[in-house]
Amino acid sequence: QVQLVESGGGLVQAGDSLRLSCAVSGRTFSALVVGWFRQAPGKEREFVANIAQFGGNTYYADSVKGRFTISRDNAKYTGYLQMNNLKPEDTAVYFCAAKGGIQRRNPDDYNYWGQGTQVTVSS
């Protein structure tokens with residue numbers, strides 16, 4: 001049983017930065033693809049970014065390229081999402097997710113989910 005716990009969300013102004021963390025337990029961390037998704041009120045959960053088991057490959061949604069950076073520290077069993085130059089449209093609940101095997105963008109492909117952390121960006 002893999003467990004994920006997100007942290008680092010908050011209320012910020014447009015242009016500010018936040019770093020989200022995802023602590024993972026229950027399985028060898030290095031064996032998991034880590035993804036970040038977000039869900040705004042009234043919208044479907046959407047892909048933000050993911051990272052391969054050893055950090056060699058990363059993928060980003062077009063809406064966050066150049067602003068967000070996904071990373072992981074396998075020695076600390078933790079994934080990260082650095083969010084810079086935040087915009088009001090980034091406001092959402094952000095979820096950390098994990099899966100075995102290859103990287104995917106569809107949230108249905110992920111087996112394990114955290115409870116989410118709220119990110120609110122004011123204009």
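The values are calculated or read from the model by the stated rules, or taken from the named source; none is laboratory data. It should be emphasised that the depicted structure is a prediction, and the values quoted were computed from it without experimental measurement. Cβ sites come from the backbone with ideal geometry, for glycine too, and all protein chains shown count toward neighbours. Surface accessibility is based on the protein's heavy atoms, side chains included, excluding ligands, DNA and RNA. Shrake-Rupley method; radii C 1.70, N 1.55, O 1.52, S 1.80 Å.
Structure values in brief
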| quantity | calculated |
| --- | --- |
| Subset of region 52-70 that is open to solvent by 40 Å² or more (accessible area, probe 1.4 Å) and under 15 Å from Cys22 (Cβ atoms) - its residue that is modelled with the lowest pLDDT | Gln53 |
| Matching option when the condition is open to solvent by less than 60 Å² (accessible area, probe 1.4 Å), charged (D, E, K, R) and within 19 Å of Ser122 (Cα to Cα), among Asp90, Asp73, Asp16 | Asp90 |
| Residue in region 19-44 that is farthest from Ser122 (Cα to Cα), counting only those that are open to solvent by 80 Å² or more (accessible area, probe 1.4 Å) and in contact with a strand residue (DSSP E or B) (Cβ under 9 Å, 6 or more places away or on another chain) | Arg27 |
| Of all residues making up region 1-40, the number that are more than 17 Å from Pro107 (Cβ to Cβ) and part of a loop (DSSP other than H, G, I, E, B) | 10 |
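Here is a yes/no grid of residues against (1) in contact (Cβ under 8 Å) with a residue 12 or more places away in the chain; (2) assigned to a loop (DSSP other than H, G, I, E, B); (3) not β-branched (Val, Ile, Thr):
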position: Val48; (1), (2), (3): yes, no, no
position: Gly56; (1), (2), (3): no, yes, yes
position: Asp62; (1), (2), (3): no, yes, yes
position: Gly66; (1), (2), (3): no, yes, yes
position: Thr69; (1), (2), (3): yes, no, no
position: Leu81; (1), (2), (3): yes, no, yes
position: Ala97; (1), (2), (3): yes, no, yes
position: Ile102; (1), (2), (3): yes, yes, no
